[in-house]
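Written out below as structure tokens is the structure these notes cover.
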Amino acid sequence: MSNDSNSSAKSSEPVESAKHPADEGAGRVRQLAAGQAAATTGSRMQEFPLPIPGAKPTGIVVGSDGNVWFALENLPASPAPTQCSIGRLNPLTNGISTFAYPDPKGAQSLLQAEDGHVWVAGLSGVVYRFDPRSASFLPIPVPDGGLLTELALGPDGSVWCAANGTGLLHQINQTSLAVRSWLLPAAGKPQSLTVGPDNALWYTLSSANRIGRLAPDTGGFQSRDLPFAGNPARIASGPSGLWVSSTAGNWIGDIAPGNEGVMRISLASGSAPIGVTVSDNSVLWYCASGTNRIGRIDAESNQPSEWTLPTANSSPYAIATRSDSEAWCSAANSKTIVHLTTGSTPSKNSPQKP
């Protein structure tokens, strides 16, 4: 079903991020405390309520077709307790369409491949491939199922999936749909994953203060302890390195793929940053779920700017961008999709008609 959303625009000015003292014994780590957010004018924020009462948006992405795709979970028991959905928002019309699929728990992550198919990580241990043209889902079971938490596209076009419940990384060939799986060493539980600038697969470990690396060509694993307290939650890749969020530690980490060190950007106490993404020009966007804000870190100054969501306690969860100055966010508690523009014209993709 489809439904148009016409929320009124609400503006929000940047807020100040608190300074944190540097950690002691950080070793070769570069430390940067967050300063006052830069003043930004012309910002505009809109909220789009979801057409399904009680639906909770989780993962979000700007697709290859220019539309905003998002995953849903915790849907109401009516009309069917086992029906969950994904959603599509057309930025040209603000119209929202939803598509039901047979997973009793929903999803936390999705992505759209260049051929237009949308891939969904089902929380019940099945990956789904959705065809927008026929509005049909193809289930792709993966070994041992488990809690599937995030998807990523590999440099060869394969779809990667993190199985937090079983400690596996799955690689799906888009053409043959064959699945190849790797078991993480030391019973690690991958939470988030991304393809780094070195074309290796990088992932966070929810059970340890560590990130890991898998070289698919050799099957070799490496792991790297982080020098700051607070286990990493999500990870994103940019041209110059990796970014991780620490929900428990209230910081964003800028990590070089080699051994050059880590830079911590401290956020205000209680920020609980979770979702992170990198725009085309290495600008980092993040969700500060604890302080109800969307944040951006400039690639040159490394100083964060933040905007408060219009609805209190919205709990921003995941974020996607179309340019350095435009972001889309899933707000789990307010059950809305939030759109922020900071005064510049979007540059990435033009939405195609559904």
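A crude spin-label estimate for the pair E114 and D144, with each label 7 Å from Cα along the Cβ direction, gives 3.3 nm. The radius of gyration of the Cα set in the range 173-271, together with its Dmax, comes out at 14.1, 48 angstrom.
The phi-based Karplus calculation (6.51 cos²θ - 1.76 cosθ + 1.60; θ = phi - 60°) puts the 3J(HN,Hα) values of the range 321-328 at 10, 10, 6, 5, 10, 9, 9, 10 Hz, whole numbers, x for Gly and Pro. Highest mean packing comes first when the peptides 327-340, 209-222, 267-280, 166-179 are listed by Cβ atoms within 10 Å, giving 327-340, 267-280, 166-179, 209-222. Just so you know, the Rg over Rh for the range 89-208 is 0.98, from Cα atoms, with Rh as the Kirkwood radius. Of the peptides 281-288, 149-156, the order by per-residue mean of other Cβ atoms within 10 Å, starting with the highest, comes out as 281-288, 149-156. Based on alpha-carbon atoms only, what is the radius of gyration of the range 246-341 relative to the globular estimate 2.2 N^0.38 Å? Dividing the Cα Rg of the range 246-341 by 2.2 N^0.38 Å gives 1.04. Over all other residues within a Cβ to Cβ distance under 14 Å of D144, the charged ones net out to +2, with Lys and Arg as +1 and Asp and Glu as -1.
If R0 is taken as 45 Å, the Cβ-Cβ distance between N199 and A229 corresponds to a FRET efficiency of 0.90.
For the range 261-328, the relative contact order comes to 30 percent (Cα pairs under 8 Å, sequence separation of at least 6).
Give me the net charge for the shell around T341: Cβ to Cβ below 10 angstrom, other residues only, Lys and Arg +1, Asp and Glu -1.
Combined, the nearby Lys, Arg, Asp and Glu give +1.
Each value in this text was obtained by applying a stated rule to the coordinates, not by laboratory testing. This one's a predicted model, so the numbers in the text were calculated from it and none came from an experiment. Because the Cβ atoms are built from the backbone with ideal geometry, glycine has one as well, and the counts that use them run over all protein chains shown.
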